[in-house]
Amino acid sequence: MDEVQEWTGDGDEDEKVAAGDDAADFASPFATGASLRPASQEAKAEAKTLRIRSIARTDEGRSPVPTLPSILRDIPPQADTRPTQTEMTRILRSVTQRDMLILQTLNDYRYLSTQQIRQLFFPSLRSAQMRLQILKDLHLLYSWKVIQTPGVIRRPSLIVLSPRGARVVAGWRGHDEHAYAVRAREAREHCYHAHHDLEANGFFVDLAAATRDIPDHGLLMWWGEEHMRRLREATAKKHRWPAPTPDGRATLITPAGRVELELEWDRGTESLSRVAAKVAAYVGFYKNFRNAEASNVLFALPTHVRELDVRHTIWRSRARWASDVCCTFWTTTHRCLRDYGPLAAVWLRVDLRSSDPPDQDILARLRSRLSVLNVSDANDRSPRDCIGKPRWWDRRPGGGQAA
């Protein structure tokens, strides 16, 4: 069977790349551009290879699943040690406010690529590579090479916070070092779903990049999947509610007000019954909120066929809902996001009050822009403080999960 190969590009950290290159990002499938020169296989002998399973093209009419890349993990022992007081003082004198926020961002979202960090913090890919190398030399993060098979095609490197870097972040914020180090080790050892997490993170990174030059728009808040899981589990335990865990939640500032977004990044690997269970969890959770419709749950699907199936799954579940109070469901495809961007008119609402099933011809339906989705509250924050804006790290030292 033929294998699917979607992403092209080069993330070699030792190669100088022009700042204007639109090299495709392994983590973010929305960036477009021609393939860069494939690099030779140059993994270190001591590198630990984590092989992520390769999935072949499915039967005709089913969602194609791309071949997943392999991560070459290089884990130096120094990155797992606790810095002494002298070393901590030297590190804090060596790093900048932007460096600390990069480490904090890795702590919040676990996996980012070199390209994604460039989009958030740097004017060019080369400047991002040079600064990340300094942080790597201080053993504050891991920079793992990623290759696409078959063949050896380089992808942007995977950046992960090291336990040593996690302790520095905890000390800087005055938090428990042990808890931070444990989370860093878990992200390092259990990165089997890193590809999915990078794609989901790529949606929010691209959203921040898309609003950078729009004066009255901005990504005010971005909560990662791990944070949302802890928050929802605590709420469910306290109130005995369902606990839906999105792949990320965000607050988008628009002229009309704040747009609350929750993302479900779907790669076509889950059964529709599992999707129905997720939908039921969202409905059961949000029926307890008076302004539930202002919460927009976004399903990003791999193909239009999968989008139609998920829309029917959401619509068929409406008969079990005991209340008219519900969040609002929207769908789109990965290709629409890649071709037009997350802010474009690519979002199609699922009409839960209709007695008729969703239209089969979804390509002919009028879609909405992200900025005109349901608004929760008026905005009282300056867009200049939003994620991805010029020098936003000076105004947001706590990162994207802290106001």
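Some values worked out for this structure:
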read-out: Flag for Val372 being among the β-branched types (Val, Ile, Thr), surrounded by 15 or more Cβ atoms within 10 Å (Cβ to Cβ) and at negative phi; value: no
read-out: Subset of segment 213-245 (residues that are assigned to a helix (DSSP H, G or I) and either more than 27 Å from Leu198 (Cβ to Cβ) or of a type outside the set (D, E, K, R) (or both)); value: His227, Met228, Leu231, Ala234, Thr235, Ala236, Lys237, Lys238, His239
read-out: Scan of segment 109-131 for residues that are over 17 Å from Arg395 (Cα atoms) and surrounded by fewer than 21 Cβ atoms within 10 Å (Cβ to Cβ), ordered by number; value: Pro123, Ser124, Arg126, Ser127, Met130, Arg131
read-out: Filter result for Lys278 (basic (Lys, Arg), modelled with pLDDT under 95 and surrounded by fewer than 18 Cβ atoms within 10 Å (Cβ to Cβ)); value: no
read-out: Check on Glu225, surrounded by 15 or more Cβ atoms within 10 Å (Cβ to Cβ), closer than 30 Å to Leu72 by Cβ and in contact with an Asp or Glu (Cβ under 6 Å, 6 or more places away or on another chain); value: yes
read-out: Residue within segment 349-360 that is farther than 18 Å from Pro246 by Cβ, in contact (Cβ under 8 Å) with a residue 24 or more places away in the chain and touching a strand residue (DSSP E or B) at 6+ places or on another chain (Cβ under 7 Å) present; value: no
read-out: Residues (touching an Asp or Glu at 6+ places or on another chain (Cβ under 8 Å) and either in a helix (DSSP H, G or I) or among the charged types (D, E, K, R) (or both)) located in segment 364-385; value: Arg365, Pro383
read-out: Residues of segment 102-138 that turn out to be of a type outside the set (Ser, Thr, Tyr), part of a loop (DSSP other than H, G, I, E, B) and closer than 18 Å to Arg164 by Cα, as a count; value: 2
read-out: Qualifying residue in segment 310-317 (condition: at pLDDT below 95 and surrounded by fewer than 16 Cβ atoms within 10 Å (Cβ to Cβ)); value: yes
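The values are calculated or read from the model by the stated rules, or taken from the named source; none is laboratory data. Quantities reported herein were computed from a predicted structural model and do not represent experimental measurements. As a convention, Cβ positions derive from the backbone with ideal geometry for all residues, glycine included, and neighbour counts pool all protein chains shown.
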